Ligand code: UTP
């Protein structure tokens with residue numbers, strides 16, 4: 001133990017992070033062990049490099065941005081049935097699994113608990129998890145299968161999530177048979193000086209590494225192996241906070257299979273050219289999603305010969321992957337994006353500091369940064385009112401909030 005402590009002290013000294021042991025002596029034996037383990041697992045070089053990027057001006061974007069082709073689900077004509085029958089067959093053969101990403105912190109919603117357990121205020125008081133599950137079970141029944149469901153949690157919310165499912169008897173699913181939980185990766189948070197923070201519990205202040213962590217987590221946690229064992233070939237990955245998400249879509253699957261692409265994504269057309277959403281495009285000839293801030297106003301308003309926006313297909317986190325694509329994407333780390341957030345921490349005297357404004361950097365990978373890995377992918381435009389009712393903000397914000405999601409849900413399911 002002493003030897004280990006000495007080794008750790010010298011690593012900390014090298015990276016100017018010696019403060020991490022300030023409160024060590026006051027910790028219980030168990031916590032001491034835990035803290036040392038955490039420290040020994042930190043990639044200090046990576047954290048240092050990430051800190052350096054926080055001071056860099058955003059690079060001038062010199063990439064060539066061009067529009068991405070898409071299909072409109074409701075303008076497929078006769079092809080609709082053709083794609084649908086291909087997808088239907090694959091679903092009936094048990095080739096589809098659903099993954100729900102539920103590791104986010106849901107800071108904008110301001111709800112104290114895993115977002116999936118949130119009740120959007122329907123008369124049934126069903127949680128987001130249950131609404132998603134209802135749809136999955138219903139679709140499974142149509143095709144005579146149970147769609148295996150994989151849920152990504154974070155270290156922070158894993159226990160609460162599983163307890164919630166236990167309390168609800170897993171909504172009729174069977175754990176470790178057709179329902180699986182896995183935990184995403186995380187990274188330490190740092191202050192503006194590059195110092196790693198200590199959280200309220202005396203341990204390293206960690207934060208989930210973004211939804212881009214999904215690929216690596218699926219591979220490392222053994223979920224990809226589990227899927228193969230179940231005969232799964234296609235994986236739909238979606239967020240937990242879209243209560244109209246349609247995880248089972250034979251048309252989307254049929255298109256992917258027919259066009260021999262390993263990624264097929266759904267989009268909804270932008271509500272207006274200035275809407276602040278990420279849109280599908282090609283960056284230097286490869287599939288990508290760019291933030292609204294990365295394209296000029298002119299580009300945002302440009303239309304094709306049919307009057308459709310050239311950059312109008314919003315990414316709604318509804319993506320279908322071939323299992324091989326997941327494996328490939330899980331091999332290469334994605335770039336991290338920096339978010340400046342409020343984070344409680346213990347200062348050098350062990351006092352709890354609760355900041356009123358952002359004070360710390362968090363590093364997140366974005367799922368769509370992996371799209372450039374594939375040569376081509378399919379984008380299918382679907383109807384917003386059928387597939388997109390996100391719960392992002394508190395009701396006071398007035399958009400993408402529980403009230404708007406509830407209204408869209410009721411309208412779609414014709415509930416009074
Ligand atoms: P968002 O990017 O909207 O983040 O996640 P969030 O955590 O829900 O909310 P804010 O930004 O803190 O307010 C979109 C989806 O990706 C999942 C979320 O759970 C949500 O389903 N996600 C996000 C993860 O699973 N892990 C992450 O690290 C981040």
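The values are calculated or read from the model by the stated rules, or taken from the named source; none is laboratory data. Just so we're clear, the structure is a prediction, and the values are computed from it rather than from any experiment. Because the Cβ atoms are built from the backbone with ideal geometry, glycine has one as well, and the counts that use them run over all protein chains shown.
Which residue, of 106, 110, is at positive phi, exposed (fewer than 13 other Cβ atoms within 10 Å of the Cβ) and in contact (Cβ under 8 Å) with a residue 40 or more places away in the chain? Working first, answer last.
Numbers: 106 fails: exposed (fewer than 13 other Cβ atoms within 10 Å of the Cβ).
110 is the lone residue from the list that is at positive phi, exposed (fewer than 13 other Cβ atoms within 10 Å of the Cβ) and in contact (Cβ under 8 Å) with a residue 40 or more places away in the chain.
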When you check residue 300 against the structure, is it more than 15 Å from the ligand (Cβ to nearest atom) and crowded, with 23+ Cβ neighbours inside 10 Å, yes or no? no
Given (1) touching a helix residue (DSSP H, G or I) at 6+ places or on another chain (Cβ under 8 Å); (2) within 15 Å of residue 178 (Cα to Cα); (3) surrounded by 17 or more Cβ atoms within 10 Å (Cβ to Cβ), number of the condition residue 212 does not satisfy: (2)
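Being under 15 Å from residue 317 (Cβ atoms) and either modelled with pLDDT under 95 or part of a loop (DSSP other than H, G, I, E, B) (or both) is the filter here; which residues of segment 244-275 pass it?
Taking segment 244-275 as the starting set, the residues that turn out to be under 15 Å from residue 317 (Cβ atoms) are 244-247, 249, 252, 263-268.
Within segment 244-275, 244, 245, 246, 247, 249 meet the criteria.
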Leading residue by the ranking (nearest to the ligand (Cβ to nearest atom)) among those in segment 143-164 that are assigned to a helix (DSSP H, G or I) and touching a residue at least 40 places away in the same chain (Cβ under 8 Å): 161
Could you say which residue among 206, 223, 227 is more than 30 Å from residue 360 (Cα to Cα), within 15 Å of the ligand (Cβ to nearest atom) and in contact with a strand residue (DSSP E or B) (Cβ under 8 Å, 6 or more places away or on another chain)? 223
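Would a scan of segment 390-400 turn up a residue that is touching a residue at least 12 places away in the same chain (Cβ under 8 Å) and loosely packed, with under 12 Cβ neighbours inside 10 Å?
Within segment 390-400, the subset touching a residue at least 12 places away in the same chain (Cβ under 8 Å) is 390-394, 397.
Now restrict to residues that are loosely packed, with under 12 Cβ neighbours inside 10 Å: none.
Scanning segment 390-400 turns up no residue that is touching a residue at least 12 places away in the same chain (Cβ under 8 Å) and loosely packed, with under 12 Cβ neighbours inside 10 Å.
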Would you mind finding the one in 138, 193 that is closer than 29 Å to residue 360 by Cβ and more than 16 Å from the ligand (Cβ to nearest atom)? 193
Out of 110, 116, report the one residue that is closer than 23 Å to residue 209 by Cβ and assigned to a helix (DSSP H, G or I). 116
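Taking the options 347, 416, name whichever one is out of contact with any helix residue (DSSP H, G or I) (no Cβ under 8 Å at 6 or more places or on another chain), without any contact (Cβ under 8 Å) to a residue 60 or more places away in the chain and on the phi < 0 side of the Ramachandran plot.
347 is the lone residue from the list that is out of contact with any helix residue (DSSP H, G or I) (no Cβ under 8 Å at 6 or more places or on another chain), without any contact (Cβ under 8 Å) to a residue 60 or more places away in the chain and on the phi < 0 side of the Ramachandran plot.
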For segment 365-394, enumerate the residues that are away from the ligand (no atom under 15 Å from the Cβ), farther than 16 Å from residue 316 by Cβ and assigned to a helix (DSSP H, G or I). 372, 373
Whichever residue in segment 395-404 is out of contact with any helix residue (DSSP H, G or I) (no Cβ under 8 Å at 6 or more places or on another chain) and either modelled with pLDDT under 95 or within 13 Å of the ligand (Cβ to nearest atom) (or both) and, among such residues, is farthest from residue 126 (Cα to Cα): 397
Would you confirm whether any residue within segment 172-180 is at pLDDT below 95 and buried (at least 16 other Cβ atoms within 10 Å of the Cβ)? no
Got at least one residue in segment 94-116 being more than 25 Å from the chain's Cα centre (by Cα) and away from the ligand (no atom under 16 Å from the Cβ)? no
Restricting to segment 336-346, name every residue that is surrounded by 13 or more Cβ atoms within 10 Å (Cβ to Cβ) and part of a loop (DSSP other than H, G, I, E, B). 336, 343, 344
From the list 199, 222, which one is surrounded by fewer than 21 Cβ atoms within 10 Å (Cβ to Cβ), touching a residue at least 60 places away in the same chain (Cβ under 8 Å) and either under 21 Å from residue 324 (Cα atoms) or more than 23 Å from the chain's Cα centre (by Cα) (or both)? 199
It is to be established whether one or more residues within segment 13-31 are without any contact (Cβ under 8 Å) to a residue 12 or more places away in the chain, closer than 14 Å to residue 195 by Cα and touching a helix residue (DSSP H, G or I) at 6+ places or on another chain (Cβ under 8 Å). yes
Number of the exception - residue 193 against (1) in contact with a helix residue (DSSP H, G or I) (Cβ under 9 Å, 6 or more places away or on another chain); (2) outside any loop (DSSP other than H, G, I, E, B); (3) without any contact (Cβ under 8 Å) to a residue 24 or more places away in the chain: (2)
Can you confirm whether residue 308 is surrounded by fewer than 23 Cβ atoms within 10 Å (Cβ to Cβ), away from the ligand (no atom under 16 Å from the Cβ), within 30 Å of residue 407 (Cα to Cα) and at pLDDT below 95? yes
Of all residues in segment 88-103, which are in a loop (DSSP other than H, G, I, E, B) and surrounded by fewer than 24 Cβ atoms within 10 Å (Cβ to Cβ)? 93, 94, 95
